[in-house]
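Here is the structure we will look at, set down as structure tokens.
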Amino acid sequence: MSIWDTASAAIDAAFAVPGGVTYSGLEIDLPGPIAAIREDMPAPTFDGPGASAQTVGYEIDMAALPRRPRRGDLIGHVVGGATSWRVIDVSDRAAVGKWFAIVEQAA
């Protein structure tokens with residue numbers, strides 16, 4: 001085990017959503033919750049009302065899913081009344097072996 005593996009496991013243990021999140025999508029059949037770190041950050045600025053917009057996303061270990069997250073996949077996590085989040089964009093964090101899925105509240 002490398003020093004990164006040890007550090008990554010410690011980061012996940014400290015910051016992952018307690019109990020994990022559910023993940024569903026085409027070609028994905030997981031037996032239970034997976035570890036994910038939720039990130040809330042200010043959205044990119046723009047001119048106009050709503051300057052306090054937030055971007056919500058989940059950092060997920062690449063080994064936790066059988067494929068890259070796709071637009072429309074669902075992440076289940078109860079936060080502020082929302083129980084389901086829909087993936088709208090994904091970026092690779094290959095240096096740390098994670099995907100970052102930006103989400104919106106699913107209807």
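The values are calculated or read from the model by the stated rules, or taken from the named source; none is laboratory data. This one's a predicted model, so the numbers in the text were calculated from it and none came from an experiment. Here the Cβ is made from the backbone with ideal geometry for all residues, glycine too, and neighbour counts use every protein chain on show. For the accessible areas, the whole protein counts, side chains as well, though only heavy atoms, and no ligand, DNA or RNA atoms are used. Shrake-Rupley method; radii C 1.70, N 1.55, O 1.52, S 1.80 Å.
For segment 54-76, the tally of residues that are in contact with a strand residue (DSSP E or B) (Cβ under 6 Å, 6 or more places away or on another chain), closer than 12 Å to Ser24 by Cβ and open to solvent by less than 30 Å² (accessible area, probe 1.4 Å) stands at 4. Pairing each residue of segment 18-33 that is among the β-branched types (Val, Ile, Thr) with any residue that is part of a loop (DSSP other than H, G, I, E, B) and open to solvent by 80 Å² or more (accessible area, probe 1.4 Å), provided the two are 6+ apart or on different chains, yields C-beta distances under 7 Å for Val21/Pro33; Thr22/Pro33; Ile28/Pro66. Where strands (runs of 3 or more DSSP E) fall wholly inside segment 8-91, the ranges with 2 or more residues that are modelled with pLDDT of 85 or more and not polar (S, T, N, Q) are 36-42, 54-61, 74-79.
Just one of the numbered conditions (1) more than 30 Å from Ser2 (Cβ to Cβ); (2) assigned to a strand (DSSP E or B); (3) among the aliphatic types (A, V, I, L, M) is not true of Ala101: (1). The residue that is surrounded by the most Cβ atoms within 10 Å (Cβ to Cβ), among those in segment 79-107 that are within 16 Å of Pro66 (Cα to Cα) and over 12 Å from the mean Cα position of the chain (by Cα), is Gly97.
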